[in-house]
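Below you'll find the structure, written out as structure tokens, and then a few comments.
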Amino acid sequence: MKSFMATVVGVLRERGPVEIFSLAAASVREPKPTKKEDLWVFVAKILEAAKGAEYGTHIVEYPTYRLRVSVPKCLPPRRYVRAAVEALAASARPLSLEQLTAHYLQRYGRTARVPEYQMLLALHTEGRRLIAEAGELRVGLKPDAKPVEVVRGSRAASAATSEGMQPIHAKMYEENLESLIVERLEEVEPGLTLVQRQYVTPVGRIDLLCRDSKGNLVVVELKRFRASTESIIDQVTRYMGWVQQHLAKSSGTVRACIVVGKVDEKLECSVRAIPNLRVKCLRVSLSDPD
């Protein structure tokens, strides 16, 4: 467990918060799992650690759920799915994994070591036909998290301690960098104001949804460390299309801005071909207090 979690912590220090299945896949030693179903045991370990205090990991983002259809006449036999259906039927808005688990605990009490894991497993298996998921379960490191001590020379130890050799933008947790951008929106674009941070849509979660000085909606996305140009372009254009259709419609032009830590020529070339999309380089420097 400690060796595995050392690798998990190493991945999080390098990348920032990561979706839990991607985190599990990146943290498993050989042989690498080839199917999502093979990752569940590692997802359970990560969730258990995230609910404790030993490794400094925590849940950064929970997925949300809604009923696909009206409440079925016969409720599911498994209690986790039954509790989720009951909670969603009584709610006028989507509920998070955390809220569904809390409803289960209130109704049945604690029957498992990590109830969030059991609820997630039930929703991905028995609950798929009844309940739809949006967003993702992301795990990150707390600001005061310390490296996990493991046997010297192991692959896990190398992953956990190599962060000291990474540039500053690799070590910064994504949620902290995102907070910094929120405080400096004027540097991203004069007159830009925040509408909502981490805006949940059916096609993903927008980092920052903003409005410009003319009232037009602007999608602001942070390019994650080592994220590919292809992935960020796909993500941002998907968000722009959804916002245009569902929020702006015909009332205004939707624009987007990708915030990077350093000049990326490949990304800049890709952006030139897409109207209303631009790249902004926002540099962060550290200095000693006066």
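When segment 53-70 is filtered for residues that are outside any strand (DSSP E or B) and either among the aromatic types (Phe, Trp, Tyr) or at pLDDT 85 or above (or both), the ones remaining, listed by number, are TYR55, GLY56, TYR62, PRO63, ARG68.
Here segment 202-223 is the region considered, the condition is being of a type in the set (Lys, Arg) and assigned to a strand (DSSP E or B), and the residue that is surrounded by the fewest Cβ atoms within 10 Å (Cβ to Cβ) is ARG211.
Here's the yes/no breakdown for (1) over 22 Å from LEU39 (Cα atoms); (2) surrounded by 17 or more Cβ atoms within 10 Å (Cβ to Cβ); (3) in the same structural domain as PRO17 (by TED's automatic domain parsing):
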| position | (1), (2), (3) |
| --- | --- |
| THR57 | no, yes, yes |
| VAL69 | yes, no, no |
| CYS74 | yes, no, no |
| LEU95 | yes, yes, no |
| TYR108 | yes, no, no |
| TYR117 | no, yes, no |
| ALA122 | no, yes, no |
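All conditions in (1) assigned to a helix (DSSP H, G or I); (2) among the hydrophobic types (A, V, I, L, M, F, W, C); (3) surrounded by fewer than 12 Cβ atoms within 10 Å (Cβ to Cβ) hold for ILE181, with the sole exception of (3). Each residue in segment 94-136 was checked for being in contact (Cβ under 8 Å) with a residue 12 or more places away in the chain, of a type in the set (Lys, Arg) and not in a helix (DSSP H, G or I), and 2 of them qualify.
Residue-wise test of (1) under 19 Å from the mean Cα position of the chain (by Cα); (2) modelled with pLDDT under 85.
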position: VAL220; (1), (2): yes, no
position: PHE225; (1), (2): yes, yes
position: THR237; (1), (2): yes, no
position: GLN244; (1), (2): no, no
position: ALA248; (1), (2): no, no
position: VAL259; (1), (2): yes, no
position: CYS269; (1), (2): no, no
position: ALA273; (1), (2): no, no
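One residue stands out in segment 128-137 among those that are within 18 Å of TRP40 (Cα to Cα) and at pLDDT 90 or above: the one that is surrounded by the fewest Cβ atoms within 10 Å (Cβ to Cβ), namely GLU133.
Restricting the search to segment 71-85, which residues are out of contact with any strand residue (DSSP E or B) (no Cβ under 8 Å at 6 or more places or on another chain) and modelled with pLDDT of 90 or more? If the condition is that a residue be out of contact with any strand residue (DSSP E or B) (no Cβ under 8 Å at 6 or more places or on another chain) and modelled with pLDDT of 90 or more, then ARG79, TYR80, ARG82, ALA83 are the ones that fit.
The values are calculated or read from the model by the stated rules, or taken from the named source; none is laboratory data. Bear in mind the structure is a predicted one, so any value in this text is a computation, not a measurement. We place every Cβ from the backbone using ideal geometry, glycine too, and count neighbours over all the protein chains shown.
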